[in-house]
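Derivation of every value follows stated rules applied to the coordinates shown; laboratory data play no part. Quick caveat: nothing in here was measured; it's all calculated off a predicted structure. Positions of Cβ are generated from backbone atoms using ideal geometry, with glycine treated the same way; all protein chains shown enter the neighbour counts.
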Amino acid sequence: MIDQVLGQLPTESTQQAIGYPTLFLLVALGSLVPVIPTGALVSTAAVVTLHQTSPFALLVVFAVASGAAFLGDICLFWLGQRGVRSEHGSKWLEAITSRAAPERLAQAQQKLDDHDTMVLVLSRLVPAGRIPVMLACLLSRMPLRQFARGDVPACLAWAATYQLIGILGGSLFPEPWEGVLAAIVLTLLISGTPALWRRMRARTAD
């Protein structure tokens, strides 16, 4: 009976065949439509991989996450370029602009002037920093090739950071679900703390 039940459970290869494409799709979609918590997805995938598969699989998670993030960024930047070049703009450019507060855009433009494409690395690591910097790149008419060169290390650093968060959470707890919960809480804290701090400062200023 136990053998029959175990035989019905998905094998490790089946989990990977389903999990990797799903991770790629969700991260790419989250980079293109910035409403999906892609950092939490990568951390969760790292936790599950750490508990259920070989350490080598963590490299696959890293490659899948960074590749998907890069693809999403490039697609979003290309769509934004079409809006910049068009006389009437585009819905994608409007969506990017609506998510970039004027003060954040001004800071991003200043950092872009000072550090060129290296600011893309920091923008990927700072919560809510990617869109203002991307918009600044679009408004400066940065070529797609130049943006892609700067975005490669940015996506690699981003994937490595959130995967390390997942590995840390998975290492602290014996059960996978505990590590997943810890990783999600930690990523949400990292992404939510700057916004909360800005709101508190705004209320204090008022």
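Mind checking the full-extension length gain between residue 171 and residue 56? Use 0.36 nm per residue of separation minus the Cα-Cα distance, one decimal, nm.
Stretched fully, the residue 171-residue 56 segment lengthens by 39.8 nm.
Run the simple label-point estimate for residue 148 and residue 125 please: 7 Å along Cα→C-beta, distance reported in nm.
Reported label-point gap for residue 148 and residue 125 is 2.5 nm.
On a full-extension model of 0.36 nm per residue, what is the gain between residue 114 and residue 161, subtracting their alpha-carbon distance, rounded to one decimal in nm? Don't skip to the answer; put the middle values down first.
Working: separation 47, 0.36 × 47 = 16.92 nm, distance 2.45 nm.
Answer, rounded to one decimal: 14.5 nm.
Along each of the three principal axes of the Cα atoms of the stretch 21-112, give the extent in whole Å, ordering the values from largest to smallest.
Computed over the Cα atoms, the extents are 52, 24, 20 Å.
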